[in-house]
1. Taking the highest mean first, how do the peptides 330-339, 366-375 order by number of other beta carbon atoms within 10 angstrom per residue?
2. About its Cα centre, what dipole magnitude does the range 190-311 give when the only charges are +1 on Lys and Arg Cβ and -1 on Asp and Glu Cβ, stated in debye to the nearest 20?
3. Calculate the length of the line joining the C-alpha centroid of the range 273-350 to that of the range 176-220, in whole Å.
4. Which GluC sites (Glu not before Pro) in the range 218-304 sit in a loop by DSSP (not H, G, I, E or B) and have at most 10 other Cβ atoms within 10 Å of their own Cβ?
5. Below 8 Å, C-alpha to C-alpha, sequence gap of six or more: please give me the relative contact order for the chain in percent.
6. Spelling out what I want: for every residue of the range 338-348, take phi, set θ = phi - 60°, compute 6.51 cos²θ - 1.76 cosθ + 1.60 (Karplus), and round to whole Hz; glycine and proline get x.
7. Grab the Cα-Cα distance for Tyr181 and Asp246, subtract it from 0.36 nm times how many residues apart they are, and report the gain in nm with one decimal.
8. If the viscosity is 1.306 mPa s and the temperature 10 °C, what translational diffusion coefficient in µm²/s does Stokes-Einstein give for the chain when Rh comes from Kirkwood over Cα pairs?
Amino acid sequence: MLQRNELDIKAQKVLRKNDRGGYTVPTNGLYPYQWNWDSAFAAYGFAQFDLPRAWKEVETLFDGQWDNGMLPHIIFHKVNESYFPGPNVWAGVGPLSSSGITQPPVAASLIRRIWEKNTTYGDKPVRKLYTKLLNWHRWFMNWRCENGMIYITHPWEAGRDNAPDWDEAIAAINPTDIEPYKRRDTSFVDPVMRPTKYDYDRYIWLVNQGRECQWDELSLRKRRKFKVADPTMSFILLRANRDLRDIGRALGQDTSEIETWISYLEEGVSLLWNSELCSYDSFDILTGNYTGSISNASFMCWYGGIYDKRMLPQFDRIMTQVRYGMPSHDPESTKFDRKRYWRGPSWAIMNMMIGIGLEDAGEKKRADIIRSQTHLAISEKGFAEYFDPLDGTPAGGNSFTWTAAVWLGWAKN
Ligand code: 2M8
């Protein structure tokens, strides 16, 4: 096991190595572009040792923001054949070549942390970003919100790509008329750690539908075949709104619009409570069914500022069965798959957000448990994309940006 200082240096090296000049890729090869929430975490990681580089990361990310406020999930700065689906398949309609969907809005909360940690540049960086963040959050409230729950229109939007939460909604899609395509991810990573071809066919079908509508939200709204309210998105936006409101207040802005969003989401997230499951769960808006999934996103309630004690027994039950962080799916479920991506493995960023939420909720002991399990995973197994939650086996890509960032900003302590 490496010592803390050696790991700090290694983590910094991972970030430097994945730096492509102003933006950071999640990992070399497998993901050669700038991803939305990865990039916000990269900025947070850089902020621990190179503040100007941290602000630069956020700037290049928002350079890709669309006129309607949407911040794309991938920005294709330079074409790279090692990733599919690339810029031509997506044909995003923003100022830079991009995808056509978004990702969880962690940016405002991480920007707030970066700003409060080091005020060297005063208000200047946040002043520049405030309206951009506000426009993005407003876009969510206009185009991804139903009854105060934030929904996704593609599994890639939640960032939890192949989570069992989407199984039913994905199965309802009939992927007709898709051209033959060649996946690149499985040439970098063992296919048992990645989504199946069945899933990919449907992912691509959804992308094709968006592209054919030129990503026009209004015409897509009427045709959507995938519309699932997601705890990741809902709790993350709830927190991001609270942080944006506080940033706005500090800058002397009128934050009443954000206050309205917060109240609306606070009510909305209560609808994500599945009483049969005794857990927060995803909810398929098209069918009116809960998805029956206790996932790492279910534990994001505290991060969203909902101090719900009902999730504590679930936390204790699951965390006593694992050693390397919160699994992405309930280990007692028949769908739990310890190596397959978002169907079982533990993810450093999710652990960090759950840990921060627990600490805010006054659950210090539990916060320490999840932090120390994440610490163990990284110090024993390195900066992997994700980890087998039972034995820590590193999985997916290696030298991963957000795992290094989480180490520097949270797990190392
Ligand atoms: C994974 O998703 C991408 C598609 O967006 C992929 O598998 O090709 C997810 O883990 C997502 O949350 C993450 O942002 C992205 C890059 O790390 O990889």
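The values are calculated or read from the model by the stated rules, or taken from the named source; none is laboratory data. What you see is a predicted model; the values in this text were computed from it and never measured. No Cβ is skipped: glycine too gets one built from the backbone with ideal geometry, and neighbour counts run over all protein chains shown. For accessibility, only protein heavy atoms count, side chains too; no ligands or nucleic acids. Shrake-Rupley method; radii C 1.70, N 1.55, O 1.52, S 1.80 Å.
1. Most protected by this proxy first, the peptides run 366-375, 330-339.
2. The dipole of the range 190-311 has a size of about 320 debye.
3. The two parts, judged by their Cα centres, are 25 Å apart.
4. Qualifying residues, ordered by number: Glu276.
5. The normalised contact order for the chain reaches 18 percent.
6. 4, 10, 8, 6, 9, 10, x, x, 9, 10, 4
7. Residue separation times 0.36 nm, minus the Cα-Cα distance, leaves 18.8 nm.
8. Rounded, D is 75 µm²/s.
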